[in-house]
Amino acid sequence: MDLASKLFKGDRVIWIIFMFLCLVSVVEVFSATSTIAYKNANHWAPIVRHATFLLGGFVVVILLHNIPYKFFSAFIALLPLSVLMLLITPFIGVSANDAHRWLEVFGVQFQPSEFGKLSSVVYVAFLLSKRNKFTDVQLFKWLLLGVGIICVLILPENFSTAFMLFGVCFLLMFVGQIPLRLLFKLMAVLILVFSFLGAALIFMPDSAMKYLPNRAQTWKARIADFNHKSDFKEGETYVINDDNYQVSHAKIAIARGGIIGQLPGHGQQRDFLPQAYSDFIYAIIIEELGVVGGVFVLLLYIMLLIRAGMIARRCDKLFPKFLVLGCGLLVVTQALANMAVAVNLIPVTGQPLPLISRGGTSTVITCIYFGIILSVSRFGAGMGEEDTTEEGPEEAEVSEEPETEEDNTAVKTIKELETIVE
């Protein structure tokens, strides 16, 4: 217990959430990667790869939570680097699922958008903490410029990520007390722009779609599939086709789950659902762990957001306050988007379930978010340091209230000197 208290500093609740998410990830990814395992000579290769990334992410969390939060402002340097990587990705990037979202350097593939998300949150938190050096309009313009460039570059190949990132940064601006008139103007402009683009996607003929980004056809198909009203009538046979394949099998998985599920390893839809170990892993969780498991995972993310808010409230300085809120909002927003897709509340987005879905870049970046949250909880909010500040028996004996007035005055003087030294 003493070793654990020395190794795992910071908020204990965040550590517990992190451990449970990793546990669920290992179990469910091992079950959901059956289709990949059968295609490999080594059946253990998929889960070993995922466990390696989780282990590497765990080491990242250990390292980062020992670094004072003030050094994380250096992540702003990733902003221009992310812009450069996002600019070249459509031309030299690796194509996967009809999208150029990956770069490969020395045989290692990663998503530049993940670095863009991290740098944007740190950028917004840092500028909001320096708001006394800018006017409201100047601060708003600088925030909009940095975040806007990243989101515009991400949008052509990954609309959902750009939308989610901008939403999180917008919430940070609201919490950071950017004037409401500026935020309302921005919101009005965005609503008009997206309404126009949505109408264009729906009503534009296919012959004109070639003038839009390559992913526009996919966006149009997903919107059409989500809004499609089935002509299925009672007594007829329900046909699963290419248009409803993912959603149908996700619903079958959820329906089979019941209250306690089929237990890990006994799910059937993992063999039918595309990306069962990534985009639709939440449906597999419900099938194998039931509604109980699905609610448990949901509550883990909700608790993460609540705890991030509690840490932010205990921070005296603005930078760690906005930083922990941004990291918590990013992780939880992405998780809620993934779950909403699995239960068919929103169109398919392609967002993985943070720390649970099988992944490389996303897993490590999510672990960085957890490391930042734990660092802020430790150095900014003073949480999890109780063991080092508690007085031992000898200290308690020395610090007993003196009996004479002279002794009392001496102790007060010593305490004042200690305060000045600290």
Heavy-atom SASA rank of Leu197, Leu144 (probe 1.4 Å, accessible area, largest first): Leu197, Leu144
How high is the FRET efficiency between Met19 and Val343 when r is their beta carbon distance and R₀ equals 25 Å, given to the nearest 0.05? 0.45
Ignoring ligands and nucleic acids, Ile202 exposes an accessible area, probe 1.4 Å, in Å² to the nearest 10, of 90 Å²
Env charge @ Leu171, Cβ radius under 15 Å, K,R +1 / D,E -1, value +2
If the chain between Val292 and Asp136 were fully extended at 0.36 nm per residue, the gain over the current Cα-Cα distance would be 51.5 nm
Per residue value of the accessible surface for the stretch 292-364 (all protein chains in place, 1.4 Å probe), Å²: 35 Å²
Which pairs in the list Lys6/Lys130; Lys39/Lys117; Lys6/Lys321; Lys251/Lys321 are over 29 Å apart, alpha-carbon to alpha-carbon? Lys6/Lys130; Lys39/Lys117; Lys251/Lys321
Along the Cα→Cβ direction, 7 angstrom out, place labels at Ile88 and Tyr245. What is the inter-label distance in nm? 3.5 nm
Given a 1.4 Å probe, how much area per residue of the stretch 83-152 is accessible, in Å²? 51 Å²
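The values are calculated or read from the model by the stated rules, or taken from the named source; none is laboratory data. What you see is a predicted model; the values in this text were computed from it and never measured. Here the Cβ is made from the backbone with ideal geometry for all residues, glycine too, and neighbour counts use every protein chain on show. For the accessible areas, the whole protein counts, side chains as well, though only heavy atoms, and no ligand, DNA or RNA atoms are used. Shrake-Rupley method; radii C 1.70, N 1.55, O 1.52, S 1.80 Å.
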